[in-house]
Amino acid sequence: MDSPLGIVDETRQQLVLHAVNHAAQKTGIRAGMTLADARAILPSLKTSEADIQAETKALSRLADWCGRYTPWTAPDEEGSGAAFAGGGSVWLDITGCAHLFGGEEALMRDVIDRLNCLGFTSYAATADTSGAAWAAARYTHYKRRRWTSVRKGQAQNVLAPLPVAGLRLKSNTVSGLQAVGLRRIGDLIPIPRAALADRFGSEVADRLDQAFGDRPEPISPIAPASPWHARVNFAEPIGRSEDISNAVHKLCNELADMLENEGIGARRLTLTFYPPDGVVERLQAGTSQANRNADHLARLFSEKLDRITATFGIDAITLTATASEKLPPSQATLDRRSEKRETSVAELADRLSNRLGNKNVVQLALHESHIPERAISSNPVTTCSHPIPATPWRISSSPENQPFRRPRPLRLLPHPEEVEAVAPVPDDPPVMFRWRKQVFRIEHADGPERIAPEWWNDRLGLLETEPENEESRTTPIIPVQENIRDYYRVEDRRGRRFWVYRDGVYNPGTKPSWYVHGVFG
């Protein structure tokens, strides 16, 4: 039999029991007692120092584990501190989920039994409000079972005989109420709220209203809850890869039906596994565009299932669409080749990004800028807001655009690299330049192609400051002649071709800077 043990924490410069085990409870010791009072009852009581920070982390992991019952879970971090003795709590919003486990009673029984297997002694309660459930779970006198249910509209009757500490009040407030003879929650109910507020502040009245549903009490879940959520529970833990794969396909089909009924498609998905040992494992996948093809969604996870270490099997699996977009139904045509082409490109990008990593498969996006390094950007396909085009970009070949088209290099350096160049002035290309410890002697050159700065962008600092006096405002603002680039296509004696530019216009007495920006194939 375990010996009596108490977890001690310092509160208001005195040692208080933060939690006690069953053996200590049988001797009359309760959480919230001072250590001196407990030692007076049981001198042989063993104690250990409380680690609130470690308990908070463990409570967050436990709240994550409770995601097997509902996607809306949250640790009661306020109630896990020293202010409320007796251990931590986890909120579960089981609205719409209880029937999946046979009702509220069966769900609470399953929670208690599983936590008992993990080594936790726990109590559970269901109610219309979180305050009523918290009080009922902690201060109900349990006999044969460790869970209770507060029926709808019965919160006042159930909470009335419970101590005022069940309202989650601060310890000094509880002491003040007890000092004037208000020991039960029922003693506070007939007292006007204004009188309570005048004597004890707004805390008591607010907690009463929250417990009875007269005042809302928002609680943020540990993770954003998604309505697009599918789950499967197993009577016995499964461990074979074939069984896990079949369960994932079933979840993908259920989720795809939900998404289709709502006219949306998934962009990011999370597959969560709940083993019996309490360790939660997750797999994530993303799509380049909204998708609700069940086979494709299952294929994104199939190559990652071997990462799951199902040493003790898996009790439950959930699939959640954490991000979604509108995806209206499309009209099928007789010739579906174009539709298949567009779908196959997007799904191929999804498979590659989930196999090679999101950052390794990118989509190029055009920007309205004539500065080469700003004209295009690369973003992971699973995070892009624009779908992958089914056909490549095409440059207009109309005759009127031909005079303005100049060849650009296939490979653009991440950043222009400065070189040492020798060039006649003012507008001739370089005859030689040194780059990366090599000397390149130019045989042929073409240019220049002048690219002016974006004078309309004030952030670049390319405009002169507008004068403050009225007389000077009539003077036009002239763009500063810095950052003007003259690009040249040059070829050295070995046939290597580069895209180089001179930064700024030529000024007598100053040596211009030259850069290599790209390499022709």
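When the range 480-493 is limited to residues that are within 50 Å of the chain's Cα centre (by Cα), part of a loop (DSSP other than H, G, I, E, B) and not polar (S, T, N, Q), the one that is surrounded by the most Cβ atoms within 10 Å (Cβ to Cβ) turns out to be I484. Of the candidates V16, V90, the single residue that is over 24 Å from F273 (Cβ atoms) and at pLDDT 85 or above is V16. Of everything listed in (1) modelled with pLDDT of 90 or more; (2) surrounded by fewer than 21 Cβ atoms within 10 Å (Cβ to Cβ); (3) within 15 Å of I222 (Cα to Cα); (4) not aromatic (F, W, Y), the single unmet condition for T73 is (2).
Kindly check whether there is at least one residue in the range 263-283 that is without any contact (Cβ under 8 Å) to a residue 40 or more places away in the chain, touching a strand residue (DSSP E or B) at 6+ places or on another chain (Cβ under 7 Å) and either of a type in the set (S, T, N, Q) or open to solvent by less than 50 Å² (accessible area, probe 1.4 Å) (or both). Within the range 263-283 (the criterion being without any contact (Cβ under 8 Å) to a residue 40 or more places away in the chain, touching a strand residue (DSSP E or B) at 6+ places or on another chain (Cβ under 7 Å) and either of a type in the set (S, T, N, Q) or open to solvent by less than 50 Å² (accessible area, probe 1.4 Å) (or both)), the answer is yes, since at least one residue qualifies.
Checked against (1) open to solvent by less than 50 Å² (accessible area, probe 1.4 Å); (2) outside the structural domain of S302 (by TED's automatic domain parsing); (3) modelled with pLDDT of 90 or more; (4) not hydrophobic (A, V, I, L, M, F, W, C), R231 passes all but condition (2).
Looking for something modelled with pLDDT of 80 or more, touching a Ser or Thr at 6+ places or on another chain (Cβ under 9 Å) and outside any helix (DSSP H, G or I) - is there at least one such residue anywhere in the range 381-403? No, because not a single residue in the range 381-403 is modelled with pLDDT of 80 or more, touching a Ser or Thr at 6+ places or on another chain (Cβ under 9 Å) and outside any helix (DSSP H, G or I). The set of residues in the range 84-128 that are polar (S, T, N, Q) and open to solvent by 30 Å² or more (accessible area, probe 1.4 Å) comprises T95, N116, T121. Which of the residues that make up the range 494-516 are in a loop (DSSP other than H, G, I, E, B) and either of a type in the set (D, E, K, R) or on the phi < 0 side of the Ramachandran plot (or both)? Those that are in a loop (DSSP other than H, G, I, E, B) and either of a type in the set (D, E, K, R) or on the phi < 0 side of the Ramachandran plot (or both): R494, R496, V505, Y506, N507, P508, T510, K511, P512. Just one residue in the set S171, S175 is hydroxyl-bearing (S, T, Y), modelled with pLDDT under 90, surrounded by 15 or more Cβ atoms within 10 Å (Cβ to Cβ) and out of contact with any strand residue (DSSP E or B) (no Cβ under 6 Å at 6 or more places or on another chain); that residue is S171.
Going by the structure shown, is I189 of a type in the set (V, I, T) and under 25 Å from the mean Cα position of the chain (by Cα)? No: the conditions fail for I189. Somewhere in the range 186-195, is a residue modelled with pLDDT of 90 or more, outside the structural domain of H296 (by TED's automatic domain parsing) and open to solvent by less than 40 Å² (accessible area, probe 1.4 Å)? Checked the range 186-195: at least one residue is modelled with pLDDT of 90 or more, outside the structural domain of H296 (by TED's automatic domain parsing) and open to solvent by less than 40 Å² (accessible area, probe 1.4 Å). For S122, the test of being under 19 Å from G32 (Cα atoms), assigned to a loop (DSSP other than H, G, I, E, B) and out of contact with any strand residue (DSSP E or B) (no Cβ under 6 Å at 6 or more places or on another chain) is passed. Those strands (runs of 3 or more DSSP E) of the range 11-82 in which 1 or more residues are over 29 Å from L269 (Cβ atoms) and not polar (S, T, N, Q) occupy 14-20, 46-49.
The values are calculated or read from the model by the stated rules, or taken from the named source; none is laboratory data. These numbers come from a predicted model, not from an experiment. Neighbour counts are summed over all protein chains in view; Cβ atoms, including those assigned to glycine, are modelled from backbone coordinates with ideal geometry. What goes into the accessible areas is simple: the full protein's heavy atoms, side chains included, and nothing from ligands, DNA or RNA. Shrake-Rupley method; radii C 1.70, N 1.55, O 1.52, S 1.80 Å.
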